[in-house]
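To keep things clear, I will list the structure first and then write my remarks on it.
The values are calculated or read from the model by the stated rules, or taken from the named source; none is laboratory data. Source: prediction; values computed, not measured. Methodologically, a virtual Cβ is constructed for each residue, glycine included, from the backbone with ideal geometry; neighbour enumeration extends over all protein chains shown. Accessible surface is based on the protein model in full, side chains and every heavy atom, while ligands, DNA and RNA are left aside. Shrake-Rupley method; radii C 1.70, N 1.55, O 1.52, S 1.80 Å.
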Amino acid sequence: MTDMAKKAIPKKYAINTEETNSVANEPLAIYAPTGLKKIPTTTDFVYKKFQKIADKVPFTQKEWANILNLSERTLQRYSKDNLPFSAIYIDRILHIEQLINLGLQTFTSPGSFYNWLKKDKNVMGNKLNFESLYSSIGIQETINQVGRILHNVYT
């Protein structure tokens, strides 16, 4: 050992024996997502709420019936009696509403968005058209494509 190593004496530090509280005294931040909609229940979502969504675009009643996998007659019954939709239809309506809102943000008018939906499109090897809206996967693929157009990554 060297002389320096032998001479090194450890320093003594004063230890505070008082009990201290080591909690940060900052205001508590509340992290909550904003802009979330209340999730509708089956008793909340009646035909009038659906009608507000349907009025945004020029879909016919027959097209809405096909999108929702309902008969036109059943959709008319919902309309006449302002009946609440069951959960499976609410899910489809809200998914379509997401597409409609994105489409109206992307295209200049509801009519131009509707015309775009009616045309056949070949997207990444898949054919997209209005009939794509008859399935959840087709709706999502259409949402993805409209998003690409909106963000200028159109394929």
(request) Report the residue count in segment 89-110 for those that are in a helix (DSSP H, G or I) and out of contact with any Leu (no Cβ under 8 Å at 6 or more places or on another chain). (result) 9
(message) I'd like the full set of residues that are small (G, A, S) and touching a residue at least 24 places away in the same chain (Cβ under 8 Å), limited to segment 51-100.
(response) S79, S86, A87
(message) Looking at segment 101-123, I want the residues that are without any contact (Cβ under 8 Å) to a residue 40 or more places away in the chain and of a type in the set (D, E) and have a partner that is open to solvent by 60 Å² or more (accessible area, probe 1.4 Å) and not in a helix (DSSP H, G or I) with Cβ atoms under 7 Å, at least 6 apart or on another chain. Which pairs are those?
(response) D120/K127
(request) Tell me, please, whether a residue that is part of a loop (DSSP other than H, G, I, E, B), more than 20 Å from the chain's Cα centre (by Cα), modelled with pLDDT under 95 and not basic (K, R) can be found in segment 41-58. (result) yes
(message) Regarding segment 92-103, can at least one residue be identified that is among the basic types (K, R) and under 21 Å from the mean Cα position of the chain (by Cα)?
(response) yes
(request) From (1) assigned to a loop (DSSP other than H, G, I, E, B); (2) over 23 Å from the mean Cα position of the chain (by Cα); (3) not acidic (D, E), pick out the condition that doesn't hold for K80. (result) (1)
(message) Looking at the structure I just gave you, is K48 farther than 22 Å from F113 by Cα and basic (K, R)?
(response) yes
(request) Name the single residue, out of those in segment 68-77 being in a loop (DSSP other than H, G, I, E, B) and open to solvent by 50 Å² or more (accessible area, probe 1.4 Å), that is nearest to V146 (Cα to Cα). (result) N69
(message) Can you tell me how many residues within segment 44-67 are closer than 19 Å to G103 by Cα and open to solvent by less than 50 Å² (accessible area, probe 1.4 Å)?
(response) 8
(request) Give L99, L128, L94, L117 a once-over and let me know the one that is open to solvent by 40 Å² or more (accessible area, probe 1.4 Å) and at negative phi. (result) L94
(message) Checking the structure you have, find out if any residue of segment 93-106 is among the charged types (D, E, K, R) and over 20 Å from T60 (Cβ atoms).
(response) no
